[in-house]
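The values are calculated or read from the model by the stated rules, or taken from the named source; none is laboratory data. Bear in mind the structure is a predicted one, so any value in this text is a computation, not a measurement. Note: ideal-geometry Cβ built from the backbone for every residue, glycine included; neighbour counts use all protein chains shown. To get the accessible areas, we keep the full protein, side chains included, count just its heavy atoms, and leave off ligands, DNA and RNA. Shrake-Rupley method; radii C 1.70, N 1.55, O 1.52, S 1.80 Å.
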Amino acid sequence: MSQFIQRWSDICSTLAASHTRLLAVSKYTSDIAVQTLLNAGQVDFAESRPQNLRDRAIKFPHAQWHFIGPLQKNKAKYIAQYACMWHSLADLETAQAVAKHMGDRTLPVLIQVNISGESQKQGVQPQALSELYAAVSSIKQFNIIGLMGMAAKNTDPAPAFRLLRGLRDDLQQKYGTISELCMGMSGDWEIAVQEGATMVRLGSALFESIEANQNSE
Ligand SMILES: *Cc1c(COP(=O)(O)O)cnc(C)c1O
């Protein structure tokens, strides 16, 4: 087994113990790497640019394509057409723009919350979450299933993850429908899992050994 697939397989075993779903973030990787992982059994992939999501969803229709990046309204149709899940819903206008292109389809969505305290980071501020939740709930094309967040680099990520979990718990208590917690990337996913992540988004941790792998095959 190649080093790349071995690494993926090890991560899958760790995540299986906590029933955490792995999203393979393929934004920096080649089509060959995507195909290799798909062949190995990985189903969920994520892209952070709308055009890349569209292109890869067309190339790899048997994978599930999750959208995790910032979105401008003029690219809303790509998400409406090709995403299996939208993790980075963070404002009402963009949500309405996506909904307009949905037709009869319903899309599971997560609201991205800015849990890092950094103003340049994506996501709704925690204090504005319940208002956005209420507004998005009334859009019939969306099914809000959870929250997504990113911790700041170079600090202990646990408090940010706990904040997101607390916000999810509050909404769950009020409305009962939201359960997903998408948090944790290559540098902090193990902590995210400890703090209750139901999905993690891994790019470099999965794909960094792929170059060596391709050369050896
Ligand atoms: C790129 C990206 C990731 C994956 O980052 P790694 O550190 O390479 O695992 C996760 N989430 C989002 C929103 C991203 O843009």
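When restricted to residues that are within 15 Å of residue 199 (Cα to Cα) and either without any contact (Cβ under 8 Å) to a residue 40 or more places away in the chain or more than 14 Å from the ligand (Cβ to nearest atom) (or both), region 16-43 contains 7. Taking region 140-176 as the range and being among the charged types (D, E, K, R) and open to solvent by less than 70 Å² (accessible area, probe 1.4 Å) as the test, the residues that pass are 168, 169. Only one of the numbered conditions (1) surrounded by fewer than 21 Cβ atoms within 10 Å (Cβ to Cβ); (2) more than 22 Å from residue 208 (Cβ to Cβ) is violated by residue 76, and that is (1).
Within region 194-210, identify whether any single residue is among the acidic types (Asp, Glu), touching a helix residue (DSSP H, G or I) at 6+ places or on another chain (Cβ under 7 Å) and not in a helix (DSSP H, G or I), and answer yes or no. Yes, the conditions are met somewhere in region 194-210. Only residues that are more than 16 Å from the ligand (Cβ to nearest atom), touching a Lys or Arg at 6+ places or on another chain (Cβ under 9 Å) and not hydrophobic (A, V, I, L, M, F, W, C) were counted in region 97-130, giving 4. The residues listed here are 179, 186, 209, 137; of these, the one that is closer than 22 Å to residue 67 by Cβ, hydroxyl-bearing (Ser, Thr, Tyr) and within 16 Å of the ligand (Cβ to nearest atom) is 186. Apart from one condition, residue 106 fits all of (1) exposed (fewer than 15 other Cβ atoms within 10 Å of the Cβ); (2) closer than 18 Å to residue 151 by Cβ; the exception is (2).
Checking 174, 121 one by one, the residue that is in a helix (DSSP H, G or I) and either modelled with pLDDT under 95 or not polar (S, T, N, Q) (or both) is 174 and no other. If you filter region 44-74 down to residues that are free of Cβ contacts under 8 Å to residues at least 12 places away in the same chain and assigned to a helix (DSSP H, G or I), you find that the one that is farthest from the ligand (Cβ to nearest atom) is 74.
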